[in-house]
Amino acid sequence: MTNIVIDIDNVSFNYGAVPVLEDISLKIHEDEFIGIIGPNASGKSTLLKLILGLLEPDEGTISKFNHDGKDLRNYIGYVPQHSTFSRDFPITVGEVVMMGHVATSSRFFRYSKEETELARQVMQKLEIEDIEKRQVGELSGGQLQRVLIARALVCQPEILILDEPTANVDMRIEEDIFSLLKNYSEHMTIIVVSHDIAFISGYVDRVACLNRTLVCHNTESISGKMIEELYDAPVKMIHHHH
């Protein structure tokens, strides 16, 4: 049994008088690739913010640790649903990727040779080293997602969290990104929010179905009936061939 790196225990959260999450419990293990699915306004992004420590639960606890008991707040990479900077801002791909070092670097926007080399290696793995000097405003949706993933990976996180990383890309790019994430999940815990239920089941180890409450399934046990109950509407399951 692998180590538990995130332990969500009976967590509830409200925005004012509006309940968003209710009695959520989930244990996420080291090197696990887990998908979170659910309809709009089901609490998916809120749950990620709670895991990241950007919000505090109204009830329950969230623990982040490894076998040494080390707090992992500084060892989490995050790819938000929407980029946090304007596409018109004059910044290059390489500069965006290097921003991933800011949280862990001891020198503000001054990077060591080791940090620069790590960024180069990550850009090579994500096949964006040839666009390092390009402005981010010139990038396609798929290129931008690779840049944002590289920014999250450059500090060598133990946990990578992605909120709808393929929301605005075509199927071929989606396959490329998830294949890349699958490779990284061999030595990293990955949590991804997605609406494409049938697609992510071909990559993740488990699927957490969230709609205020949460039920987690192994991917092979996911059925059309479960999804219809989750979304409270008929859902057409489409098989993707990889």
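The values are calculated or read from the model by the stated rules, or taken from the named source; none is laboratory data. Worth saying up front: this structure is predicted, and the values here are computed from it rather than measured. For neighbour counting, all protein chains shown are included, and Cβ atoms are generated from backbone atoms with ideal geometry for every residue, glycine included. Only protein heavy atoms, including side chains, enter the accessible area calculation; ligands, DNA and RNA are left aside. Shrake-Rupley method; radii C 1.70, N 1.55, O 1.52, S 1.80 Å.
Conditions tested, residue by residue: (1) aliphatic (A, V, I, L, M); (2) closer than 14 Å to residue 78 by Cα; (3) open to solvent by less than 60 Å² (accessible area, probe 1.4 Å); (4) at pLDDT below 90.
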position	(1), (2), (3), (4)
96	yes, yes, yes, no
103	yes, yes, no, yes
107	no, no, no, yes
116	no, no, no, no
133	no, no, no, no
136	yes, no, yes, no
151	no, yes, yes, no
155	no, yes, yes, yes
174	no, no, yes, yes
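Considering the range 150-181, and only residues there that are touching a strand residue (DSSP E or B) at 6+ places or on another chain (Cβ under 7 Å) and in a helix (DSSP H, G or I), the residue that is farthest from residue 95 (Cα to Cα) turns out to be 181. With respect to being closer than 22 Å to residue 174 by Cβ, among the hydroxyl-bearing types (Ser, Thr, Tyr) and modelled with pLDDT under 90, residue 83 fits the description.
Which residues, taken from the range 21-67, are surrounded by fewer than 14 Cβ atoms within 10 Å (Cβ to Cβ), over 17 Å from residue 213 (Cβ atoms) and either aliphatic (A, V, I, L, M) or touching a Cys at 6+ places or on another chain (Cβ under 6 Å) (or both)? Passing the criteria: only 54.
Selection of first residues in the range 140-157 that are free of Cβ contacts under 8 Å to residues at least 40 places away in the same chain and of second residues that are assigned to a helix (DSSP H, G or I) and surrounded by fewer than 24 Cβ atoms within 10 Å (Cβ to Cβ), restricted to Cβ pairs under 6 Å at least 6 apart or on distinct chains, gives the following pairs, ordered by first then second residue: 142/173. What are the pairs with Cβ atoms under 6 angstrom where one residue, in the range 110-135, is under 12 Å from residue 93 (Cβ atoms) and of a type outside the set (Lys, Arg) and the other, located anywhere, is part of a helix (DSSP H, G or I) and open to solvent by 70 Å² or more (accessible area, probe 1.4 Å)? Sequence gap at least six, or different chains. Hits for this filter: 123/129.
Scanning the range 129-149 for any residue that is in contact with a helix residue (DSSP H, G or I) (Cβ under 6 Å, 6 or more places away or on another chain), part of a loop (DSSP other than H, G, I, E, B) and farther than 22 Å from residue 34 by Cα turns up at least one such residue. For the range 6-19, residues that are surrounded by fewer than 19 Cβ atoms within 10 Å (Cβ to Cβ) and either without any contact (Cβ under 8 Å) to a residue 40 or more places away in the chain or not acidic (Asp, Glu) (or both) total 8.
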